[in-house]
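Here's the structure we're looking at; comments come further down.
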Amino acid sequence: MINDKLPKMWYGGDYNPEQWDEKVWEEDDRMFKLAGIDVATINVFSWALNQPDENTYDFAWLDETMDRLDRNGVKVCLATSTAAHPAWMARKYPDILRVDYDGRKRKFGGRHNSCPNSEAYRKYAHIMAGKLAERYKDHPALLIWHVSNEYGGYCYCDNCAAAFRTWLQERYGTLDAVNKAWNTRFWGHTFYDWEDIVVPNALSEEWGGNRTNFQGISLDYRRFQSDSLLECYKLEHDELKKRTPDIPVTTNLMGFYPELNYFDWAKEMDVVSWDNYPSLDTPVSYTSMTHDLMRGLKSGQPFMLMEQTPSQQNWQAYNALKRPGVMRLWSYQAVAHGADTVMFFQLRRSIGACEKYHGAVIEHVGHENTRVFRECAELGRELQELGDRILDSRVHAKVAIMYDWENRWALELSSGPSVALNYVDEIHKYYDALYQQNIGVDVISVEEDLSSYDLVIAPVMYMVKPGFSKRVEEFVARGGKFVTTFFSGIVNENDIVTLGGYPGELRNVLGIWAEEIDALYPGQFNEMVLTQDLGELHGGYPCGILCDVIHAETAEVLAEYSSDFYKGTPVLTRNQFGEGQAYYVASSPDSEFLKGFLGHLCAEKGITPILETPAGVEVSERVKNDISYLFVLNHNADEVIVHVGDESQTELLTGQKISGEVTISGHGVMILERAV
């Protein structure tokens, strides 16, 4: 349980009372009760209000808000306000302002505009966290700390250049080690003095955001910037924990956000929280996968859904409304995959600036007679009735998909072989093939313990970190099934090629070696022709993007290419290694093949779908105290019939006993409680 002060599914969201007057506050109090709101995130962007100058701190408004919310039964997720520095701070301490990718010094404005290596920023953020913790440590409304907000963005200023050189000295020790790690004899880049190392941006090694002459320095700069921002978080985290050791601390993450290594960040968070903003056309399996990643950041621990919109977003090209029932459906999708909160941005719509058209529980009309408010109030009622039944229940998956931010950085910085190669898309292809079959998946780091899994999939594992290949070999030798794909095992953690033939350190467990890698143009395909049936798979299936030309050593050939000069060479192999098998998929297959292939591997390990359902109906399971909570989510606009099993079970949202075939409405939700 995140905090037993509120032993139910938390329901609420971001609240900005400082933008309103007392008359509006009274309406907020009334409408929060109507909607079942019991948690408010406050003080997210209030640094300028809390600290009008260098020496003055004024928390009167915050005292009043904390007390008012407490009187009305609303607990507080208290932010530290450090997500946007005050204007006076930028004027007095200009080193706090970032330098952008093109080398331009920023002016005051926007947010995410503080240099993470600015002494002024770190000093005043640290002081602010301490003052808030000291002031509110015993306040009955305080439920959880929220540090800053949606950390992100890189800085390329002189502060960062100096800190980067220090970071490199700590990581490598000597310049000789740096030169070796980055292969600096290429293009005569050998460094003889630490001061010669400059930040990699559009003024030096990079262009276009993710193109670079030297992958080593660009890769390390991404590690460094992620670490720098994490240090800022930790400064505040530690100050809060010093004064409130029993209050959990979090910061809101952003799913597959590319710039920060969230597996590192999660180690410093008491609970993971994240902001979920899919578009109307985002595949629901992609959202499901992102929830599973957030759960996987802390080895299966439940997470917080910190933000979602009740109706529409404001920053996308086309900001469609969530159709009736979709907000509720997507809220329960988060819960189904491990969320123990349902929270929104925002509780009341702002009247000005760039988020005034972002959805809210309380719309600009200001009363409860709106479709959005009615839907929010109904969800609040349901969550109140569910109480603590689902809290701290866990998802137990036997299949894991590996995801690694540093591998993603290295792939995106790679000079070739194809601009069409997208790491997250390849991850999603494999995830979706399992999602369509209602087979539960954990999305895990390359450091995760593999002993609880039967099938581990590592698509495009381009970078092999120290110890990874040994752990894979141990997993397979004990009887596990391991799947990896084209363009895997190519480089080490510094993006230096492992010599001796691809897939490098994975060659032993896979029993193959790759001679060449062919990049196919858009619309160009080869074909995988099976040499033997795999479950229901037989015949040929299209494949594209990349085609590894491989040779089987100890591996068995399961499929061959059908065309081009490498016609008849292996494209799918299986290698017996100890008690298990390792599979290599040498190209990017279509969804039909992946669904059949992964379904076959799961069946061999006795991993079966949670339920058999029509297309568009998602099923996920959480377990607690030998009780299963089965979430059946209809993403279709029309009703469908689902067979839920012959045993009688309780549908928690209605209290009805059901079995056999049941009808679930369009965008409908069922939560089935039954013994494991």
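The values are calculated or read from the model by the stated rules, or taken from the named source; none is laboratory data. Since this is a predicted model, take the numbers as computed values, not measurements. Here Cβ is always computed from backbone atoms with ideal geometry, including for glycine, and neighbour counts include all displayed protein chains.
Quick notes on this one:
- Check on residue 144, without any contact (Cβ under 8 Å) to a residue 12 or more places away in the chain, of a type outside the set (Gly, Ala, Ser) and assigned by TED's automatic domain parsing to the domain that holds residue 95: no
- Test: residue in the range 585-608 that is part of a loop (DSSP other than H, G, I, E, B), in contact (Cβ under 8 Å) with a residue 40 or more places away in the chain, surrounded by fewer than 14 Cβ atoms within 10 Å (Cβ to Cβ) and of a type in the set (Asp, Glu): no
- For the range 220-250, a residue qualifies if it is in a helix (DSSP H, G or I) and either β-branched (Val, Ile, Thr) or free of Cβ contacts under 8 Å to residues at least 12 places away in the same chain (or both), and the qualifying residues are 238, 241.
- For residue 201: the one exception among (1) in the same structural domain as residue 291 (by TED's automatic domain parsing); (2) in contact (Cβ under 8 Å) with a residue 60 or more places away in the chain; (3) not in a helix (DSSP H, G or I): (1)
- Members of the range 346-358 that are part of a loop (DSSP other than H, G, I, E, B) and in contact with a strand residue (DSSP E or B) (Cβ under 8 Å, 6 or more places away or on another chain): 346, 347, 349
- Filter pass, residue 86 being touching a strand residue (DSSP E or B) at 6+ places or on another chain (Cβ under 9 Å), surrounded by fewer than 24 Cβ atoms within 10 Å (Cβ to Cβ) and not charged (D, E, K, R): yes
- Within the range 365-386, the set of residues being among the charged types (D, E, K, R) and outside any loop (DSSP other than H, G, I, E, B) comprises 371, 374, 375, 378, 381, 382, 385.
- Residue within the range 116-128 that is farther than 21 Å from residue 268 by Cβ, buried (at least 19 other Cβ atoms within 10 Å of the Cβ), touching a residue at least 40 places away in the same chain (Cβ under 8 Å) and touching a Ser or Thr at 6+ places or on another chain (Cβ under 7 Å) present: no
- Candidate set: the range 189-244, residues that are of a type in the set (Lys, Arg) and surrounded by fewer than 22 Cβ atoms within 10 Å (Cβ to Cβ); chosen: the one farthest from residue 163 (Cα to Cα): 243
- Counting only helices (runs of 4 or more DSSP H) that fall entirely inside the range 251-345 and contain at least 1 residues that are within 21 Å of residue 622 (Cα to Cα) and among the aromatic types (Phe, Trp, Tyr), the qualifying elements are 284-296, 326-336.
- Filtering the range 640-676 to residues that are surrounded by fewer than 13 Cβ atoms within 10 Å (Cβ to Cβ), of a type in the set (D, E, K, R) and modelled with pLDDT of 95 or more leaves 657, 661.
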